[in-house]
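J.: Please find one structure pasted underneath; my questions will follow.
Bear in mind that the values in this text are calculations on the coordinates, not laboratory data. None of these values were measured; they are calculated from a predicted model. FYI the Cβ positions are ideal-geometry reconstructions off the backbone, even for glycines, and counts take in every protein chain you see.
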Amino acid sequence: MNRGKYYITTAIAYTSGKPHIGNNYEIVLADSIARFQRKRGYDVFFQTGTDEHGQKIELKAQEAGVTPKEFVDRVAGEIRRLCDLLNISYDKFIRTTDPDHEKQVQKIFRKLYEQGDIYKGAYEGMYCTPCESFWTESQLVDGKCPDCGREVKPAKEEAYFFRMSKYADRLIRHINEHPEFIQPVSRKNEMMNNFLLPGLQDLCVSRTSFKWGVPVDFDDKHVVYVWLDALTNYITGIGYDADGSSSEQYRKLWPADLHLIGKDIIRFHTIYWPIFLMALGEPLPKQVFGHPWLLQGDGKMSKSRGNVIYADDLADFFGVDAVRYFVLHEMPFENDGTITWELMAERLNADLANTLGNLVNRTISMSNKYFGGVVSNKKVQLSENDAAIDADLKQTVTGAYGKCVAKMEELRVADALTEIFAVFKRCNKYIDETEPWALAKAPEKSDRLATVLYNLTEGILMGASLLEPFMPETAEKIAAQLNTQLREFDSLENFGLYPDGNRVTDKPQILFARLDVKEVVEKADAMFEARRAEAAKKESAGAETEAAGTGAGTAENGIFGTGEVQAASEEAVIDYELKPEIAYEDFVKLQLRVGEIIACEAVPKSKKLLCSKVRIGSEVRQILSGIKAHYTPEQMVGKKVCVLVNLKPAKMAGLVSEGMLLCAEDAEGNLALMVPESDMPPGAEIC
């Protein structure tokens with residue numbers, strides 16, 4: 001059955017470093033949807049890839065002592081390796097450094113410029129150096145930066161801008177007329193209420209402060225900024241041509257049926273991207289789904305702690321299909337999911353080793369024990385109870401496909417997996433109800449026993465066929481042990497198609513071995529400890545190299561080293577203006593406590609705000625900080641910080657902040673969080 005085309009994409013991964021399992025969740029989710037649609041009969045095209053331009057990469061390449069292209073080649077290779085490791089069935093892996101993509105980006109930029117949607121202008125206003133942001137007078141708070149509260153000064157910078165407001169009303173109409181366009185609904189409400197309805201500002205689409213990007217071909221001082229460069233991959237990757245000579249593939253596949261992205265970049269895909277397409281005269285994608293995040297369960301995953309969980313780590317411990325099952329099954333439709341080593345091991349033991357693996361092994365073993373491996377459909381029931389039990393099993397098995405389709409059409413992948421495992425749980429219950437071991441003791445019940453084992457075999461095969469998009473290797477292994485092929489989806493509402501008289505394998509293999517949860521955790525801890533030690537060793541070596549380069553103290557130079565080093569130290573200080581003295585009674589009004597950041601995410605309405613969930617004692621507070629330029633959300637999670645807890649709550653970017661994180665700031669505006677020297681419990685007093 002050919003149901004037509006289905007074009008699905010993921011966000012392209014930024015090549016600043018190796019992605020962790022939270023990043024890889026998206027590609028596994030997309031792969032399960034792509035595989036499921038292929039099995040339903042759709043002509044699927046699945047595109048993913050890497051986003052490789054920008055100032056951050058330019059700086060990272062400088063730090064690594066390589067060219068930006070060498071840097072992104074290495075990271076893109078690692079990202080693609082992890083995709084292949086996770087058995088991702090992508091049809092195209094696009095890179096924004098691909099020459100054909102870069103050429104089209106230039107043509108798109110020129111087309112939009114020539115038709116008046118892009119114009120040359122300048123940032124002009126009050127500039128906050130630490131935040132790298134321009135503000136109008138009306139946006140300032142008490143004359144200071146609304147994000148970080150620091151001083152601002154007049155500044156101007158040349159740039160190209162896109163006229164967003166020109167298309168805003170048209171986009172609002174489209175969203176209202178197509179309720180399925182942005183999913184879940186909460187993401188749609190956020191975009192409408194926080195961005196579109198208040199009014200759109202023109203968008204900067206070029207930069208002059210760095211060179212690692214696609215050059216504007218008619219103004220080589222500028223490079224195309226990420227919005228036009230990265231977002232257009234969805235059409236350039238399938239043959240779009242801005243000059244009007246788009247490929248047959250593009251005409252077949254566009255518009256995309258689904259853009260699958262993280263909730264943190266929903267604004268770019270549901271506001272900027274549709275408006276760009278409107279300006280190009282192209283149809284909008286049919287649906288954008290902003291999935292939730294997969295978070296470390298104890299809130300402490302960070303590179304600084306050396307405990308970031310990577311897909312290849314998990315695959316080494318549990319196997320690829322177990323990783324796929326876990327990240328798909330544990331993610332709610334709308335809320336964030338969690339991952340821990342304990343939960344992974346427990347889920348493998350309960351669902352994969354017991355519910356699924358033990359079922360397959362027991363069924364094949366009984367067929368071998370009682371019938372020499374031959375599975376025959378005798379269609380025998382010895383009582384009304386037998387008939388009722390068989391009918392209920394068949395109803396559960398044949399009804400699973402329709403339920404899965406309904407869940408997958410709503411992108412409720414975890415719920416679809418639950419429906420599939422309901423089949424395996426029903427098969428296990430069927431064993432308990434029919435008691436094959438008891439039937440085997442009565443020769444006159446041999447045909448009933450054969451019927452029971454046939455029904456079990458058919459139920460397992462149908463469940464495995466449904467499982468294939470989610471756990472492809474496991475499904476194939478089950479079919480191989482049953483000595484047959486996985487069923488096509490259009491046959492899954494018909495029970496009894498397993499070949500009568502077929503012989504299963506005589507040596508059933510264990511699909512998933514049970515694990516000792518404590519042992520798994522201990523091994524993971526040992527792995528992380530080794531990484532921390534290696535990181536500390538490298539850091540120490542780097543510090544020694546730096547010290548040697550500055551002439552730091554030796555025995556010959558004395559305790560403080562040479563006068564040259566002392567002068568350098570003197571240059572590093574910051575003089576300050578003393579504020580009016582306060583009494584001790586004034587100081588003790590400040591309530592300072594140790595807090596632990598258990599979750600953190602970027603604030604969509606702000607360029608520089610991070611929103612942290614901070615545990616202080618037994619309570620958790622929401623605190624906003626203008627430090628996005630200095631810390632990523634991943635770096636924040638797990639940190640012990642100093643918190644001013646009795647600061648009056650304030651509303652910023654539509655969110656309430658219930659305290660302040662204390663930072664140190666140098667003369668260039670660089671920030672560093674103030675943290676306790678030794679490990680202190682959340683709520684400890686700072687005095």
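J.: Could you order peptides 277-283, 64-70, 608-614 by the average number of other Cβ atoms within 10 Å of their residues, highest first?
T.: Ranked by mean Cβ neighbours within 10 Å, highest first: 608-614, 277-283, 64-70.
J.: Net charge around K286, counting only other residues with Cβ within less than 15 Å of its Cβ (Lys, Arg = +1; Asp, Glu = -1)?
T.: After counting each charged neighbour, the total is -2.
J.: Right, something else. For volume of the Cα convex hull per residue in Å³, the listed values are [x] 259; [y] 172; [z] 201; which was obtained by calculation from the structure presented?
T.: It is the one labelled [z].
J.: Sort the following peptides by mean Cβ neighbour count (other Cβ atoms within 10 Å, averaged over residues), highest first: 350-360, 651-661. Mind showing how you got there, number by number?
T.: Working: 350-360: 20.4, 651-661: 17.2.
Order by mean packing, descending: 350-360, 651-661.
J.: Which of the helices in the chain, when you take each full DSSP H run, stretch at least 15 Å along the axis at their Cα atoms and have an average Kyte-Doolittle score of 0.0 or higher?
T.: Within the chain the helices that satisfy the rule are 413-434, 446-467.
J.: Distance from the Cα centre of the stretch 598-632 to that of the stretch 43-72, in angstrom?
T.: 27 Å
J.: Return, ordered by residue number, the residues of the stretch 17-50 whose backbone nitrogen is under 13 Å from a label point located 7 Å along Cα→Cβ of F210.
T.: Once the point is set 7 Å along Cα→Cβ of F210, 17 turn out to lie under 13 Å by backbone N, inside the stretch 17-50.
J.: Moving on to the next point. Give me the net charge of M331's neighbourhood, meaning all other residues with Cβ under 11 Å from the Cβ of M331; Lys, Arg count +1, Asp, Glu -1.
T.: With Lys, Arg at +1 and Asp, Glu at -1, the net is -4.
J.: Still on this structure: Counting other C-beta atoms within 10 Å, which of K403, K518 has the fewest, and how do the rest follow?
T.: Listed from fewest to most nearby Cβ atoms, that is K518, K403.
J.: Then there is this: If you stretched the chain out fully between M1 and K286, how much longer would it get, using 0.36 nm times the residue separation minus the C-alpha to C-alpha distance?
T.: Separation in residues times 0.36 nm, less the Cα-Cα distance, equals 100.4 nm.
J.: While we're looking at this one, here's another question. Going by Cα centres, the stretch 396-424 and the stretch 321-344 are how many Å apart?
T.: The two parts, judged by their Cα centres, are 17 Å apart.
J.: What does the convex hull of the Cα atoms come to per residue for the stretch 167-233, in Å³?
T.: Expressed per residue, the convex hull around the Cα atoms of the stretch 167-233 is 129 Å³.
J.: While we're here: Between T50 and residues 5 or more places away or on another chain, which pairs have amide H atoms under 5 Å apart, with H built 1.01 Å from N, and which residues are they?
T.: A13, I94, R95, T96
J.: Can you sort H259, H329, H20 by how many other beta carbons sit within 10 Å, fewest first?
T.: Ordered by Cβ neighbours within 10 Å, fewest first: H329, H20, H259.
J.: Assuming R0 = 60 Å, can you tell me the calculated FRET efficiency for the pair K107 and V521, based on Cβ-Cβ distance, to the nearest 0.05? Can you show the working numbers first?
T.: Numbers: r = 54 Å, r/R0 = 0.90.
Taking R0 as 60 Å, the efficiency between K107 and V521 is 0.65.
J.: Continuing with the same structure: Taking the Cα centre of the chain as the origin, how large is its charge dipole in debye, to the nearest 20, when only Lys and Arg (+1) and Asp and Glu (-1) carry charge on their Cβ atoms?
T.: Values: 82 positive and 102 negative charges, 401 e Å.
My answer is approximately 1920 debye.
J.: Could you compute the FRET efficiency for A387 and A440, with r as their C-beta to C-beta distance and R0 at 25 Å, rounded to 0.05?
T.: Efficiency, rounded to the nearest 0.05: 0.75.
J.: Alpha carbon centre of the stretch 88-122 versus the stretch 206-247: separation in Å?
T.: Cα centres, the stretch 88-122 to the stretch 206-247: 3 Å.
J.: Please arrange W212, W135 by counting, for each residue, the other beta carbons lying within 10 Å of its beta carbon, fewest first.
T.: Ascending Cβ contact count within 10 Å gives the list W135, W212.
J.: What net charge do the residues around N349 carry, taking every other residue with its C-beta under 13 Å from that of N349, with Lys and Arg at +1 and Asp and Glu at -1?
T.: On the way: positive: R347, R514, K518; negative: E342, E346, D351, D516, E519.
Local net charge: -2.
J.: Order 93-106, 453-466 from most to least packed using the mean count of other Cβ atoms within 10 Å.
T.: Output ranking for 93-106, 453-466: 453-466, 93-106.
J.: Here's something else I'd like to know. How much of the pair distance distribution for the stretch 584-673 lies past 22 Å, counting alpha-carbon pairs only, in percent? Don't skip to the end; give the middle numbers.
T.: Details: 977 of 4005 pairs.
Everything past 22 Å amounts to 24 percent.
J.: Could you tell me the number of lysine pairs in the stretch 339-410 with C-alpha atoms less than 18 Å from each other, where the two lysines are 8 or more residues apart or belong to different chains?
T.: Within the stretch 339-410, the lysine pair count is 4.
J.: Could you list which residues have their amide H under 5 Å from that of W293, counting only those 5 or more apart in sequence or on another chain, with H placed in the peptide plane?
T.: Hits under the 5 Å cutoff: D336, G337.
J.: Moving to a separate point now. Run the quick spin-label model on D432 and Q395: label points 7 Å from Cα toward the beta carbon, then report their separation in nm to one decimal.
T.: That separation, rounded to one decimal, is 1.9 nm.
J.: Considering every Cα-Cα pair within the stretch 322-503, what fraction, in whole percent, is farther apart than 21 Å?
T.: I get 49 percent for the Cα pairs in the stretch 322-503 exceeding 21 Å.
J.: Points 7 angstrom from Cα along the Cβ direction at K537 and E488: gap in nanometres?
T.: 5.7 nm
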